[in-house]
Every structure is written in structure tokens, then in C-alpha cells.
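One structure below.
Coordinate-derived values only; no laboratory data. All of these numbers come straight from a predicted model, not from anything done at the bench. A quick note on method: Cβ atoms are made from the backbone with ideal geometry, for glycine too, and the neighbour counts reach across all protein chains shown.
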Amino acid sequence: MTVAGRVRSRWRGSRAQVPALRAAFLLAPIQRRSPRILRRRLRAITGTDAGPFLDELAASGLSARVAAAEAEYHTLASAFDPGSLVPSEGAALYAIVRARRPGVVIETGTANGVSTAYLLAALERNAAGRLVSIDLPFRAGEDELLHPLVPGTAIDMYDASPLPLGKDPGWVVPEELRERWELRLGDARELLPALLAEVGDVDVFFHDSLHTREHMLFELETVWPHLRPGGIIVCDDIFQRKHDALPAFARSVGRTFTTFSKLGFVRK
């Protein structure tokens, strides 16, 4: 069977929506290596030329610091994967926050903190805004099992990006970027509605927690009424479980969706 055939046979969801995702999945490796495609996607999402933002990120050295942390992760937890963004995906997050200049950003799924670092670096450069992250973390034990930091919780190995021994959630985030950050530990199903009631409106939302169809739709549907006009939803790992949550949600709110690499975007 061809690669396309394998993808087609595994995907679940509306027949009208799956072909677009299938095509995006096959193009993702090309997109993540193309600065031109990244700039074109960011212009479509933000309405702004992101070139200056991408240049300043490259000059900041953040991507090199993230790469060094990932190398450390592989030394400390070689049996696991950090589940990180590739540099062009981190750059997309950074540019969106720089262009949008959000007052409030919410992230679900911090883990080691790669995406968190890119979001906070953009907020710091904006000299405004704050990030609130929700995470349900697990630590990689010497027994190669996952150990919860929040008592009574469990996760499938397939869904985890565990922390190495001795590391806390978000350990990749440089110390000088932490002033605008608040981390709350627990299940997004419990914490997200309360957080939204507390902060009111949100400018950018980044979903990177459990990627099941049910959970992803829960987060997006919960956030949407609180998203400001022009606000942006970003979803990571949109192909992980081969479902149509992103296009199904976009269609339900009368919006189109855009993809770059394994990220998906919906603008209000």
C-alpha cells in the first residue's frame, strides 16, 4: 500500500473534511523546511509580514538554546521523546504573538516547555501580555514508566512527553523569560473553564495537551466564546490521532482553517 493509501485508511472523520487534512499531512515535511511557505502562512494568519519577527528570533539565539535543552533531554531520558516543536513551528508561534500583541495567551500542555519558551520570548519582546499554561505532567522514571506529578492521574504512553528525572514542568524556559508566566498543574477539563472565567477574553490559545478528538474539541469549543475578534487558535500535532477535529471545529464556527507543518490555525 502507498503512503497516501495508509494515511487514507487510518483517518477518521467527515469524508468532506479528511482529504484536506490528508493533503496537509503529506505536505508537512516540505512546509517545515521552507521559510517562504512559513512567511506566506503567517501573512495569511496574521495579515502581517512576519519577516522582521522571524529575523529577530533568529538573532536572539533562542532556537539554539532550545536545541541544547533537547540534547540534554535525550541524555537524561533516552527512552522517551520530548515531543518538541521543530524550529519553524516555534517561529510560527513567536511571530503570531509578536504580530497579535496579545494581552492574554493560554497554553494547554507545557511539558518540557519548548513552546512555552517561544511564546514567552515573543511576549517579552512585546513588553506586554502574559501567558497562563495548564499542564498535566508526568516524569520519566528510571524504570522507564511514567510517574504523575498530579496524584491520581494517568496517561497513555503514546500521549506523553515526560519530564526527565530532576526536571520540573517548563524547565526549558530561560529564567529571564519567566516573569510573564503562570503555570497551573491539573487536567484542562477542570482548569480551563475556571481560568477562562477568571481572565475573560483571550487573544491567542495554543492547544498542545491530549490530542484525542473529544478532548481537542472540548478545548476549542470552550475557548472560542472567550476569544477576541481577530484572536487566533493554534493546535499542535493535528495529525497525531488521524481525526478531523480541527476542520470539524472550524466548520462549526463558520471559519476556515490553515495548516503549517503539524500546526493548525483558526482565526476568529
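In segment 101-114, what residues are under 16 Å from F53 (Cβ atoms) and surrounded by 24 or more Cβ atoms within 10 Å (Cβ to Cβ)?
P102, V105
Looking at (1) without any contact (Cβ under 8 Å) to a residue 12 or more places away in the chain; (2) of a type outside the set (G, A, S); (3) touching a Pro at 6+ places or on another chain (Cβ under 7 Å), find the lone condition where P225 falls short.
All conditions are met except number (3).
I'm checking my understanding of the structure. Among residues of segment 123-149 that are over 14 Å from the mean Cα position of the chain (by Cα) and in contact (Cβ under 8 Å) with a residue 60 or more places away in the chain, which one is farthest from S84 (Cα to Cα)?
Residue satisfying both the conditions and the ranking: G129.
Across segment 98-127, which residue is nearest to D187 (Cα to Cα) among those that are in contact with a Phe, Trp or Tyr (Cβ under 8 Å, 6 or more places away or on another chain) and of a type in the set (A, V, I, L, M)?
It comes out as I106.
Would segment 174-185 turn up any residue that is at negative phi, in contact with a His (Cβ under 9 Å, 6 or more places away or on another chain), of a type outside the set (D, E, K, R) and crowded, with 16+ Cβ neighbours inside 10 Å?
The initial filter retains those residues of segment 174-185 that are at negative phi, namely 174-185.
Keeping just the survivors that are in contact with a His (Cβ under 9 Å, 6 or more places away or on another chain) gives none.
Within segment 174-185, none of the residues are at negative phi, in contact with a His (Cβ under 9 Å, 6 or more places away or on another chain), of a type outside the set (D, E, K, R) and crowded, with 16+ Cβ neighbours inside 10 Å.
Out of everything in segment 246-256 that is free of Cβ contacts under 8 Å to residues at least 40 places away in the same chain and not charged (D, E, K, R), what residue ends up being nearest to I37 (Cα to Cα)? So that I can check it myself, show each step before the final result.
Our first condition is that a residue be free of Cβ contacts under 8 Å to residues at least 40 places away in the same chain; within segment 246-256, this holds for 249-250, 252-256.
Then keep just the ones that are not charged (D, E, K, R); that gives 249-250, 252-254, 256.
Numbers: F249: 24, A250: 22, S252: 27, V253: 26, G254: 25, T256: 18 Å.
Restricting to residues being free of Cβ contacts under 8 Å to residues at least 40 places away in the same chain and not charged (D, E, K, R), the top hit is T256.
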